[in-house]
Amino acid sequence: MIELTERAAKHVTDYLNNRGHGEGIRVGIRTAGCSGLAYVLEFVDEPDSVDEKFESNGVNIFVDPKSMVYLDGLLMDYVVEGLNEGFKFTNPNKKGECGCGESFTV
């Protein structure tokens, strides 16, 4: 299961409303960074038939089966820290991350 905090869900909903269309967001991973894996977010206009679908705080979340192994239990928040803002990922599968926080290992 993947969950969004209320703050993250509001951010995604506002963005989808401004965009004018979309079924939700896709959360996945890709090989990148110092530690090996990085999160990927994209808007979904048409879900893939193999995607797993979750709903959290009114937002549809889609995950491809290969990424689900690494993302099961993920909690996404949207945080503002000083001049920086963005999604914060709390992943129970993560074993470590690089110094800059852009990638992680499982």
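Annotations for the structure displayed:
- Residue match in the range 65-75 (condition: among the hydrophobic types (A, V, I, L, M, F, W, C) and assigned to a strand (DSSP E or B)): yes
- Whichever residue in the range 75-87 is over 17 Å from Ala32 (Cβ atoms) and at pLDDT 90 or above and, among such residues, is surrounded by the fewest Cβ atoms within 10 Å (Cβ to Cβ): Val80
- The lone exception for Asn93 - which of (1) open to solvent by less than 80 Å² (accessible area, probe 1.4 Å); (2) over 11 Å from Leu37 (Cα atoms); (3) modelled with pLDDT of 85 or more; (4) not in a strand (DSSP E or B) it fails: (3)
- The range 1-43, residues that are over 22 Å from Glu85 (Cα atoms) and either without any contact (Cβ under 8 Å) to a residue 24 or more places away in the chain or aromatic (Phe, Trp, Tyr) (or both): Gly20, Gly22, Thr31
- Restricting the range 1-55 to residues that are basic (Lys, Arg) and either surrounded by fewer than 16 Cβ atoms within 10 Å (Cβ to Cβ) or farther than 17 Å from Tyr70 by Cβ (or both), the residue that is farthest from the chain's Cα centre (by Cα): Arg19
- Some residue of the range 37-53 being of a type outside the set (Phe, Trp, Tyr), at pLDDT below 95 and on the phi > 0 side of the Ramachandran plot: no
The values are calculated or read from the model by the stated rules, or taken from the named source; none is laboratory data. These numbers were taken from a predicted model, which means no experiment stands behind them. Neighbour counts run over all protein chains shown; Cβ positions are idealised from the backbone, glycine included. Keep in mind that these areas ignore ligands, DNA and RNA; they rest on the heavy atoms of the full protein, side chains included. Shrake-Rupley method; radii C 1.70, N 1.55, O 1.52, S 1.80 Å.
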